[in-house]
1. What's the FRET efficiency of residue A:49 with residue B:30 using the Cβ-Cβ distance as r and R₀ = 22 Å, to the nearest 0.05?
2. For peptide B:80-88, how many partner chain Cβ atoms fall within 10 Å of a residue's Cβ, on average?
3. Cβ neighbours within 10 Å, averaged per peptide: list B:90-101, B:33-44 in order, most packed at the top.
4. Can you compute the modelled spin-label distance between residue B:79 and residue B:59, with each label point 7 Å from Cα toward Cβ, in nm?
5. For region A:31-100, what size does the Cα cloud have along each of its three principal axes, sorted from largest down, in whole Å?
6. Highest mean first, how do B:69-79, B:49-59 rank when packing is the count of other Cβ atoms within 10 Å averaged over residues?
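Bear in mind that the values in this text are calculations on the coordinates, not laboratory data. On a predicted model such as this, the values are computed, not experimentally measured, just so you know. Please note: Cβ atoms are built from the backbone with ideal geometry, for glycine as well, and neighbour counts cover all protein chains shown.
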DNA sequence: ACATATTATATCATTCCTGATATGTCGTCA
DNA sequence: TGACGACATATCAGGAATGATATAATATGT
């Protein structure tokens with residue numbers, strides 16, 4: 001699977017896809033992409049549990065609303081790094097982070 | 001604590017320091033830095049358990065020996081992203097990753 | 001329908017991470 | 001001692017991630 005196609009899959013529908021989306025993907029990359037989606041979902045869940053808007057979270061993170069939107073979609077332009085910092089900014093502990101993974 | 005000093009602490013001795021090293025650091029940043037160190041330690045441990053040199057791991061990661069050295073020190077120039085990809089390249093599962101966190 | 005709030009998408013300049021390279025340090029072994 | 005292997009440290013060009021901004025889409029309430 002080439003990079004361009006993978007990026008489209010990631011940014012678009014593949015969160016609703018099944019295992020076939022990962023066909024041909026090296027296992028370490030599959031693990032990495034799945035991790036990002038799990039963190040993305042955890043971030044959105046935690047933000048909503050705190051009754052915060054994307055904008056409010058962006059302010060805490062010293063980021064922008066648009067980037068938070070991408071974070072919650074697991075967009076390829078967002079790193080694990082930023083997702084983790086987002087969760088910490090929401091007060092998540094390392095233990096809770098581990099549970100999300 | 002300013003950024004420059006923090007970077008020096010991170011890259012130099014503070015892995016041997018105590019809680020005082022984190023004084024004045026916002027909790028979300030403390031969590032982030034601690035996370036990086038845990039991942040760094042896990043990476044080194046896993047690499048050694050596999051009897052690999054830094055150079056061998058670098059090849060798997062499509063990186064360089066020097067970067068692997070920085071990764072294992074938790075150097076500020078290394079992101080959580082790269083550490084996680086390093087662990088996955090060593091065959092670590094998401095579950096094992098969570099345990100390391 | 002309208003206004004407002006929230007989220008999604010597109011584009012872009014700047015920053016920072018990355019891999020590469022060179023070189024240094026340290027230990028080991030002949 | 002010298003040669004060698006493994007790891008540490010410095011520097012840097014290139015590229016990817018970031019925050020910002022603008023704007024579009026979608027909700028939610030009146």
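1. Values: r = 23 Å, r/R0 = 1.02.
Using R0 = 22 Å, I get an efficiency of 0.45.
2. Details: counts 7, 8, 3, 2, 10, 6, 1, 3, 8.
Mean shielding count: 5.
3. Values: B:90-101: 15.7, B:33-44: 19.0.
Highest mean packing first, the order is B:33-44, B:90-101.
4. Going from the residue B:79 label point to the residue B:59 one covers 2.7 nm.
5. Per principal axis, max minus min of the Cα coordinates gives 30, 26, 17 Å.
6. Ranked by mean Cβ neighbours within 10 Å, highest first: B:69-79, B:49-59.
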